[in-house]
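Student: The structure's right below; bear with me while I get my questions together.
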Amino acid sequence: MESNKKKDIFQPLTSGTFRFSCHREVPCFTRCCAKLRLVLTPYDIVRLRKRLGITSGEFLEQYTDTLLREHPRFPMVKLKMLDDEGQRCPFVTKEGCTIYEDRPGACRLYPIGRASMLVSDKQDPKEQYFVIREDHCEGFKEEKVWTIDDWVSHEGLRFYMEMNDRWLAILNSPKTLGPEEYLAKKHKMFFMASYDIDRFRQFIFKSRFFSLFEIPPEKRQELASTDESLLLFAYDWLKFSLFGEKTLTPRTD
Ligand code: SF4
Ligand code: SF4
């Protein structure tokens, strides 16, 4: 019974379009911003901690729980709902989402779901979309019809998806993590480089990192100036340190 119900909620997007609109006048406005299992991606955290004016470490401490069983190999992080009866998202008010411009990718995509697989960094991801048709959502009764492309543009999702797909390629990598004795260390490294970008920045700028790897001065400059390039570099570092991929070049001198 439960699985049939779930099957009904997730509907394939066969026609390529869906009817939906979400605005302050819908009777269910903000009803979906509660009791969520909202798993955050590294790019979500980069945006959220900047929006809130705190460090990634402070954000993780105040706003998230770590999930150890969500993924078979790596720790995941989810947004903590408020600890009250309604279990609302900490960012929702009657007026709507208070961090709207920096809301997580999953909130932007809803009521659409996306399964994607980045086969190689040089190819476009294989992707599949479906509609999440939940009973409480009255947005499906509205008139507006969307294509997926229009929805992705409207919600500012393209860059989120690009960043997230690169991280998903690490999560879904078939490569081994190597001997058991290094696993705890590798999990810690995964957590820091994925979720705690301010600590990762210190890790590379306040250690011997640049004396150990070939990284040109202009690249260092770029890493120091934007969170996005630092995060992409963190992904390269993870591929190198977790799986032994040749994404970085050790110095030989
Ligand atoms: S982050 Fe914003 S859109 Fe997402 S659940 Fe919270 S209030 Fe709703
Ligand atoms: S339940 Fe649907 S229509 Fe209502 S606020 Fe949430 S997304 Fe919008």
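Student: Which GluC sites (Glu not before Pro) in region 138-185 sit in a loop by DSSP (not H, G, I, E or B) and have at most 14 other Cβ atoms within 10 Å of their own Cβ?
Tutor: Here the sparse-neighbourhood loop sites are GLU142, GLU143.
Student: Less than 13 Å apart at the alpha-carbon level, and either on another chain or at least 8 residues along: which aspartates and glutamates does that give for LYS239?
Tutor: Qualifying aspartates and glutamates at Cα under 13 Å: ASP121.
Student: If R₀ is 22 angstrom, what is the calculated FRET efficiency for the pair SER153 and PHE29, using the beta carbon separation as r and rounding to 0.05?
Tutor: Efficiency, rounded to the nearest 0.05: 0.45.
Student: Give the long-range amide H neighbours of LEU82: residues separated by 5 or more places, or on another chain, with amide H under 5 Å away, using H modelled in the peptide plane at 1.01 Å from N.
Tutor: Under 5 Å from the amide H of LEU82 lie the amide H atoms of ARG88, CYS89, each far enough along the sequence or on another chain.
Student: If the limit is 29 Å between Cα atoms, which of LYS186/LYS219; LYS80/LYS206; LYS35/LYS144; LYS78/LYS219; LYS35/LYS141 go over it? Walk me through the numbers on the way to the answer.
Tutor: Details: LYS186/LYS219 25 Å; LYS80/LYS206 31 Å; LYS35/LYS144 27 Å; LYS78/LYS219 32 Å; LYS35/LYS141 23 Å.
Among LYS186/LYS219; LYS80/LYS206; LYS35/LYS144; LYS78/LYS219; LYS35/LYS141, the Cα-Cα distance tops 29 Å for LYS80/LYS206; LYS78/LYS219.
Student: Within region 131-206, report the trypsin sites (Lys or Arg not before Pro) that DSSP leaves as loop and that have at most 16 other Cβ atoms within 10 Å.
Tutor: Listed in order of number, the matching sites are ARG133, LYS144, LYS175, LYS206.
Student: Could you give me the ³J(HN,Hα) list for region 196-203, computed from phi with Karplus coefficients 6.51, -1.76, 1.60 and θ = phi - 60°, whole Hz, x at Gly and Pro?
Tutor: Ordered by residue, 3J(HN,Hα) equals 10, 4, 6, 6, 5, 4, 5, 4 Hz.
Student: Still on this model: Using the Karplus curve 6.51 cos²θ - 1.76 cosθ + 1.60 with θ = phi - 60°, work out ³J(HN,Hα) for each residue of region 134-151 in order, rounded to whole Hz, and write x for Gly and Pro.
Tutor: 8, 4, 6, 8, 8, x, 6, 8, 6, 8, 4, 10, 10, 8, 4, 4, 5, 5
Student: Place +1 on the Cβ of every Lys and Arg and -1 on the Cβ of every Asp and Glu in region 2-170, take the dipole about the Cα centre, and give the residue among TRP151, LEU68, CYS89 whose Cα lies farthest towards its positive end.
Tutor: LEU68
Student: Could you give the dipole magnitude of the chain about its Cα centre, charging the beta-carbon of Lys and Arg +1 and that of Asp and Glu -1, in debye to the nearest 20?
Tutor: 460
Read the figures in this text as sums done on the coordinates, not as results from a lab. Note that this is a predicted model, so its numbers are computed, not measured. All Cβ positions, even for glycine, are placed from backbone atoms using ideal geometry, and neighbour counts span all protein chains on display.
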